[in-house]
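Right, one structure below, let's go through it.
Read the figures in this text as sums done on the coordinates, not as results from a lab. Remember, it's a predicted structure, so these values are computed and weren't measured experimentally. Neighbour counts are summed over all protein chains in view; Cβ atoms, including those assigned to glycine, are modelled from backbone coordinates with ideal geometry.
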Amino acid sequence: MGRGLAVLFASALVCAGSSSAQTPAGAPAPAPDGIEMLLDRVETLLQTGRAADFPSLVSTNFPAEDVEAFASGLFFPGIRRALVVERDRVPLTGALPGDGYRIVAEFFLETAERARFVTVLLDVRRPAGGAPDSWRITAAQAATSIDGLFRLRVNASRQFTARNLTITAEDLVLTLAEGSVFLVESESGITGLILFGSGVMRFAPGPATERGQMRIFAGSDTLAAPFDAAFVRLSPFDYEARVSVANLAPAPVNPRDLRRAQELLTRDGPKSFSLDLRELSNDVWYLLPSTGDFLAEVRTRRHGTLTYSRMGTQSEDITLFDRERRRTISLYPSAQRRALRGLSFNEDDQRDYDVIDYDIEANIQPQTEFLEGRTRLRLRMRNAGASSLTLRLANDLVVRGIVSPDYGRLLHLRVREQNSVIVNFPAGLPSDADITLLVSYAGRVTPQEVEDESLQAGEARPEDLLIIPPEPSLLLSTRSYWYPQNPIPDYATATLRITVPDGFTCVASGQPRSEHEATTLRDLLTIADGSAQVFLARDPLRYFAVVVSRFVRAAETTVKLAPGQGDPTGGAGISVAIDANPRQQGRGKALIDDVEAIMRFYAGLVGEAPYSSLTVALVESQLPGGHSPGYVAVLNNPVPAARLTWRNDPASFPGFPEFFLAHEIAHQWWGQAVGWRNYHEQWLSEGFAQYFAALYARHARGERAFVDMLRQFRRWAVAESEEGPISLGSRLGHLRGQPRVFRALVYNKSAAVLHMLRRLVGDEHFFAGVRRFYGAQKYRKAGTDDLRAAFEEVSGRPLERFFDQWIYGDQVPRLRYSSSFGGGTVHVRFEQAGGALFDVPVTVTILYADGRTQDEVVAVTEPRVEWSIATDRPVKQVQINRDYAAIAIFERAP
Ligand SMILES: [Zn+2]
């Protein structure tokens with residue numbers, strides 16, 4: 001359901017006189033139970049519809065017309081159930097201690113058909129030292145409300161026979177050739193249908209890339225899937241436009257069909273447009289789709305249940321999803337959006353707020369994967385008037401409370417089946433408002449694989465796996481949602497205080513605070529006993545991670561950058577440490593020189609290092625791999641007995657054993673300091689990390705190692721390009737469940753594309769472009785057009801076609817060539833034979849009879865290119881693409 005609480009809005013205020021409350025503090029004061037009795041009486045009156053008795057609970061100072069206005073907003077016909085929950089209580093200024101409070105209360109009111117939440121501010125007083133039943137309401141104000149929660153039901157009195165019924169949404173037609181139909185209704189009208197019978201789902205995605213994915217999924221540009229049942233949700237306003245109602249004929253209700261329809265609603269209904277109200281209501285409450293929004297759960301015979309949805313709140317508003325296999329088949333902007341802004345978008349445009357700073361405390365039990373946490377977020381609203389915001393937090397972490405110093409204890413709701421929490425405020429928030437939230441939570445966490453580069457276990461044969469079990473480690477990172485965070489990641493600073501059991505230590509995003517730094521009051525107030533390890537991320541990060549294991553410090557050093565290079569420590573030097581599982585200590589020690597050399601090399605290329613420290617965490621694992629949050633590089637080190645069967649992987653470079661280390665450290669610059677603005681742009685992070693690793697291979701091991709990597713880049717790019725364009729990002733290989741496709745294209749092909757870009761614009765312009773791009777995008781989320789702009793500026797060369805073909809296209813150029821030599825000239829002719837026109841720099845190597853060789857780069861940027869060069873001695877042979885730097889298929893012309 002995403003962020004779609006379009007139904008949230010502030011309701012009218014009814015304010016009685018001026019009542020000033022002090023700033024609410026965190027915890028409620030000790031309960032004088034007279035107030036609870038008063039709220040119970042309000043609840044009883046609401047539940048029994050006795051609005052006329054409400055004035056008996058209010059003070060005589062509360063003007064009668066205001067009482068009536070307030071009550072009329074709450075008492076409405078048909079309330080079946082009312083719940084009044086006190087959220088917060090602070091002393092009223094001007095009242096004698098213990099005799100006056102401002103209460104924040106949630107009123108949950110439900111009728112047979114719908115429900116609403118109202119957040120109410122109540123001032124209550126009693127005469128000095130009065131009896132428990134002498135509390136009266138002196139002022140009341142309905143601050144915000146959530147309306148539009150509906151019950152859904154199958155209309156049990158109507159069944160239809162359908163013949164060639166069609167239901168349409170963009171790029172989708174459901175046709176029920178023959179069958180039965182039931183309507184799903186709410187108080188606001190028809191909001192769904194249930195279809196049984198013989199039908200066909202036709203889905204024809206608009207964008208070419210999505211048609212390519214459809215060919216992978218279904219073998220054809222258009223999916224045509226027979227189905228026998230479907231559940232549809234739509235806005236009541238769209239019913240007649242989307243459904244060919246003339247193809248429905250009333251039929252007698254068949255009780256068995258009706259029961260099936262009801263079961264289907266119970267099973268499939270709550271998966272979308274549904275809120276989880278936990279302690280407030282056990283019923284399933286639904287939102288109505290907004291006009292234009294649409295959802296269909298279609299039980300196809302061949303592909304299982306496929307979910308089509310069109311959701312206006314999403315940047316890419318059309319999706320086709322396979323819930324069982326958790327696979328996204330299609331995801332793209334609707335035609336109207338493509339016309340408006342093309343295929344690219346910046347996910348930040350959807351962000352409701354910026355997080356400025358986090359204070360994350362966590363007590364982590366790695367053996368039970370249990371976490372108890374408390375996080376303070378300082379955030380700034382981007383738009384005026386919102387009265388709610390959404391936090392991302394793992395579904396299994398139970399929120400114990402959300403408190404704001406300005407608004408007291410806050411109501412929070414969970415969206416069903418999603419890792420998100422909606423926080424409701426008792427007032428509309430002004431734009432640019434700075435809000436502090438303190439969120440307490442606890443529960444099981446789901447650690448993630450060190451999976452940036454790791455293999456799926458299924459790719460290794462079981463008999464090759466472990467004899468010695470690896471030392472367990474627990475990594476909580478981007479996918480674990482282990483602390484409440486912005487659903488759309490943004491850059492923020494943080495302090496992390498992590499407590500782990502005896503015998504364990506952790507490595508986390510941020511510079512470890514040294515023992516010499518003073519313990520602060522905050523440290524003493526952490527949920528643990530003050531023995532927390534503290535990490536300071538003073539430079540902004542997109543996300544924070546922690547890895548817990550039995551670590552020992554294997555090595556440490558301080559890396560001082562060369563003069564003139566940007567140094568985040570101001571000359572003190574970057575603290576580098578290697579923490580390793582005890583069995584890996586020796587290997588950890590041996591790595592320190594490589595780590596230092598890699599960091600110096602990258603700082604030299606970019607002109608600076610982004611973060612003030614780096615800890616390499618060496619953990620044991622079955623398979624190689626790595627993961628690189630800011631300030632940290634986690635490196636899987638396979639235990640000795642694990643023999644690997646992954647030689648044939650895009651990320652396996654036997655001639656370059658430092659590969660993973662080099663790739664992961666490069667992520668400090670690419671991926672962390674410079675982020676990417678949505679999944680289409682992940683190649684910027686992986687491509688640069690991979691290319692920097694290749695440059696380091698040349699630096700440390702020579703040209704041979706570099707060319708070996710280029711050869712592998714080219715091989716994988718040619719082999720896998722038909723799986724989709726680089727811009728498909730994490731969706732590459734996703735449909736077939738083959739992560740190596742992602743590595744082949746988003747790592748290797750991207751790196752090769754950067755190398756071709758370099759050969760096209762020349763070394764000087766290339767490295768100037770890298771620095772310009774890095775400088776402009778540091779602590780931001782970048783896109784391909786930002787990269788293009790940087791290189792166009794420094795090179796003065798238009799690069800639109802280059803990026804269109806290599807990043808957004810999935811073809812591999814076919815180059816037909818012929819060469820001749822003699823008479824003091826070498827002549828080469830290229831012809832682009834693949835249809836699309838590419839920019840491909842190609843190395844032409846001249847082998848002379850005396851054994852010397854000469855490499856020349858020919859920019860093939862036209863349909864036909866004739867190139868010649870004068871030679872001063874006998875030529876033996878001419879070779880094309882000997883260095884594998886061009887991603888192309890070469891054919892010698894006949
Ligand atoms: Zn990577």
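Here Lys589 is the anchor, and the aspartates and glutamates within straight C-alpha reach of less than 13 Å, apart from those fewer than 8 places off in the same chain, are Glu556, Asp579. Helices meeting the span-like rule in the chain (full DSSP H runs, Cα extent of at least 20 Å along the helix axis, mean Kyte-Doolittle score of -1.0 or higher): 33-48, 585-606, 682-701, 703-720, 763-777. So which aspartates and glutamates pass the test for Lys560, namely a Cα distance under 16 Å, with those fewer than 8 places away in the same chain ruled out? Within reach: Asp593, Asp594, Glu596, Glu608. Which residue, Leu561, Phe601, Val858, has the largest displacement toward the positive end of the dipole of the chain when charges sit on each Cβ (Lys, Arg +1; Asp, Glu -1)? Positive-end residue among those listed: Val858. Treating r as the C-beta distance of Leu847 and Thr168 and R0 as 60 Å, the FRET efficiency rounds to 0.40. State whether the range 162-297 is rounded, prolate or oblate according to the following rule on the C-alpha gyration tensor (a ≥ b ≥ c being the square roots of its eigenvalues): a/c under 1.5 gives rounded; otherwise a/b larger than b/c gives prolate, and the remaining case gives oblate. Taking the square roots of the gyration eigenvalues as a ≥ b ≥ c, the range 162-297 is oblate.
If you bin all the Cα-Cα distances of the range 150-225 at 10 Å, starting from zero, the percentages per bin are 18, 35, 28, 16, 2.
Over the C-alpha atoms of the range 46-174, the Rg to Rh ratio, Rh being the Kirkwood estimate, stands at 1.23.
Between His734, Pro472, Gly835, the Cα set farthest toward the positive side of the dipole of the chain (charges on each charged residue's Cβ, about the Cα centre) is that of Gly835.
Backbone geometry of the range 82-96 corresponds, through the Karplus equation with coefficients 6.51, -1.76 and 1.60 at θ = phi - 60°, to 3J(HN,Hα) couplings of 10, 9, 10, 10, 6, 9, 7, 8, 10, x, 7, 5, x, 9, 5 Hz, x marking Gly and Pro. For the range 243-397, a simple Cβ point-charge model (Lys and Arg +1, Asp and Glu -1, everything else neutral) yields a dipole of about 740 debye relative to the Cα centre. Given DSSP loops and a limit of at most 11 other Cβ atoms within 10 Å, what is the longest stretch of the chain that contains no such GluC sites (Glu not before Pro)? Answer - 518-894.
The P(r) of the range 351-428 has a tail past 14 Å containing 68 percent of all C-alpha pairs. Among Phe692, Thr60, Pro650, which residue has its Cα positioned farthest towards the positive end of the charge dipole of the chain, with +1 placed on the Cβ of Lys and Arg, -1 on the Cβ of Asp and Glu, and the dipole taken about the Cα centre? Projecting each Cα onto the dipole axis, the largest value belongs to Pro650.
All distinct Cα pairs of the range 724-804 go into the 1/r average, and the inverse of that average, the Kirkwood radius, is 13.6 Å.
A full extension of the chain between Arg380 and Thr558 corresponds to an added length of 60.4 nm, given 0.36 nm per residue minus the alpha carbon distance.
A straight line joining the Cα centroids of the range 212-233 and the range 544-558 runs 48 Å. Can you tell me how the chain classifies by the Cα gyration tensor, rounded, prolate or oblate, using a/c under 1.5 as the rounded cut? The shape class here is oblate. How about the range 349-432: which trypsin sites (Lys or Arg not before Pro) there are in a DSSP loop, with at most 12 other Cβ atoms within 10 Å of their Cβ? The qualifying sites: there are none. For the chain, the 222 nm mean residue ellipticity estimated from helices alone, with every DSSP H stretch of n ≥ 4 adding -39500 (n - 2.57) and the total spread over all residues, rounds to -6500 deg cm²/dmol.
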